Amino acid sequence: MYGKGLRPLSLITCVALTGAFALAFFYAPMDADQGISQKIFYVHVPMAIVALGGFVAGGLYSIAHLRTGDRGYDLKSYVAIHLSQILAVGTLITGSIWARASWGHWWVWDEPTLVSFLIVFLLYCCYQPLRFSIEDPERQARYASVFAITAGAFVPLNFLAVRLAQSYTHPRVLGTTDGLPAKMALAFYIAVVAMALLYVTLWKYEMASKHARNRLRSIRRGLGEDIGLTRSASPQ
Amino acid sequence: MIIASNTLPGDSGYVAAAYLVFLAIVLGYVAIMAIRAARLERDVVEIAELVEGREHE
């Protein structure tokens, strides 16, 4: 079910990412202040935006899970959060590299944007330990959903912190792209779309994989086999 | 306001590193998915053999 349309989606994602990075390097002009290190912007910021969006999506799926009791939403939420965590790691590493190139420091502790993103990331690092410390699948799904909703609500605060922050060391992007030359803005928006496509593609891949594994497990149960399939910690 | 320019200071190594990190993350994820797919295939073969064995019985 989730594997439907994955091939064209994967192709579109590859083309979009290649196109976005080609635009970033060959179409968008060089930044006069930061030079080539500003090119990190086209991978770092879209990753951060998509990661935060994914965390919120995880919270929304969890709301659907608590409202309907459908465990499928819990699985969707789990995969969304799991993928966002991976992108968040990428955001932190690329951000750190950009900080080193631009500011001469790998990390700046008095910068609200960086610290609040780190807090969001560390918050979500508690998601899996919390989830898998509960053995009962029903309780596990319910507690994980409550966590995902609470943490998901915290994510917009991270965004607001960027808006309200007094320090302007970290560049503002959303809402201030008026300051970007048109060519830079175009490359940036395409990079955001490409990153979102990558996220959706990987989400569908993982959902298809988990769905197939769960179907196999139920077939094996139906056959009366109690030998477990390949062990996995993810929800069913 | 970001100003465009044609001058190109150094730091290209940092840019390469950042994009390589992204590539490594994506490739790492795809590799993990490929391993999972291989396990899934193994399980499917195992179940198919089980069903065939029962049919022969």
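Of the residues making up segment B:31-51, those that are at the interface with another protein chain (Cβ under 7 Å from one of its Cβ atoms), under 22 Å from A:Leu202 (Cβ atoms) and aliphatic (A, V, I, L, M) are B:Met33, B:Ala37, B:Leu40. Looking at segment A:87-110 only, could you name the residues that are in contact (Cβ under 8 Å) with a residue 12 or more places away in the chain, under 19 Å from A:Tyr42 (Cβ atoms) and among the hydrophobic types (A, V, I, L, M, F, W, C)? Residues satisfying the conditions are A:Leu87, A:Ala88, A:Val89, A:Leu92, A:Ile97, A:Trp98, A:Ala99, A:Ala101, A:Trp103.
If the condition is being outside any helix (DSSP H, G or I) and within 14 Å of chain B (Cβ to nearest Cβ), then segment A:98-117 contributes A:Gly104, A:His105, A:Trp106. Checked against (1) touching a Leu at 6+ places or on another chain (Cβ under 9 Å); (2) more than 17 Å from B:Tyr29 (Cβ to Cβ); (3) not aromatic (Phe, Trp, Tyr), A:Ala80 passes all but a single condition, namely (2).
Residues are listed down the side, and each one gets a yes or a no for (1) assigned to a helix (DSSP H, G or I); (2) farther than 21 Å from A:Gly104 by Cα; (3) at pLDDT 90 or above:
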residue: B:Leu8; (1), (2), (3): no, no, no
residue: B:Gly13; (1), (2), (3): yes, no, no
residue: B:Ala17; (1), (2), (3): yes, no, yes
residue: B:Leu20; (1), (2), (3): yes, no, yes
residue: B:Leu27; (1), (2), (3): yes, yes, yes
residue: B:Ile32; (1), (2), (3): yes, yes, yes
residue: B:Arg36; (1), (2), (3): yes, yes, no
residue: B:Leu40; (1), (2), (3): yes, yes, no
residue: B:Val45; (1), (2), (3): yes, yes, no
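Taking segment A:128-141 as the range and being farther than 17 Å from A:Leu66 by Cα and assigned to a helix (DSSP H, G or I) as the test, the residues that pass are A:Gln128, A:Pro129, A:Leu130, A:Phe132. The single residue among A:Tyr78, A:Tyr61, A:Tyr73 that is away from chain B (no Cβ under 14 Å), in contact with an Asp or Glu (Cβ under 8 Å, 6 or more places away or on another chain) and among the aromatic types (Phe, Trp, Tyr) turns out to be A:Tyr61. Exactly one residue out of A:Ser116, A:Ser84 is closer than 21 Å to A:Tyr189 by Cα, touching a residue at least 40 places away in the same chain (Cβ under 8 Å) and crowded, with 16+ Cβ neighbours inside 10 Å: that is A:Ser84.
Remark: pairs (first residue in segment A:203-220, facing another protein chain (nearest Cβ under 7 Å) and without any contact (Cβ under 8 Å) to a residue 40 or more places away in the chain; second residue among the hydroxyl-bearing types (Ser, Thr, Tyr) and surrounded by fewer than 18 Cβ atoms within 10 Å (Cβ to Cβ); Cβ separation under 7 Å; 6+ apart in sequence or on different chains) = A:Arg213/A:Ser232. The single condition among (1) of a type outside the set (Val, Ile, Thr); (2) surrounded by fewer than 19 Cβ atoms within 10 Å (Cβ to Cβ); (3) part of a helix (DSSP H, G or I) that A:Asp74 does not satisfy is (2).
Filtering segment A:17-33 to residues that are more than 8 Å from chain B (Cβ to nearest Cβ) and buried (at least 19 other Cβ atoms within 10 Å of the Cβ) leaves A:Leu17, A:Ala20, A:Leu23, A:Ala24, A:Ala28.
The values are calculated or read from the model by the stated rules, or taken from the named source; none is laboratory data. Nothing here was measured: the structure is a model prediction, and the numbers come from that model. With ideal geometry, Cβ positions are generated from the backbone for all residues, glycine too; neighbour counts draw on all protein chains shown.
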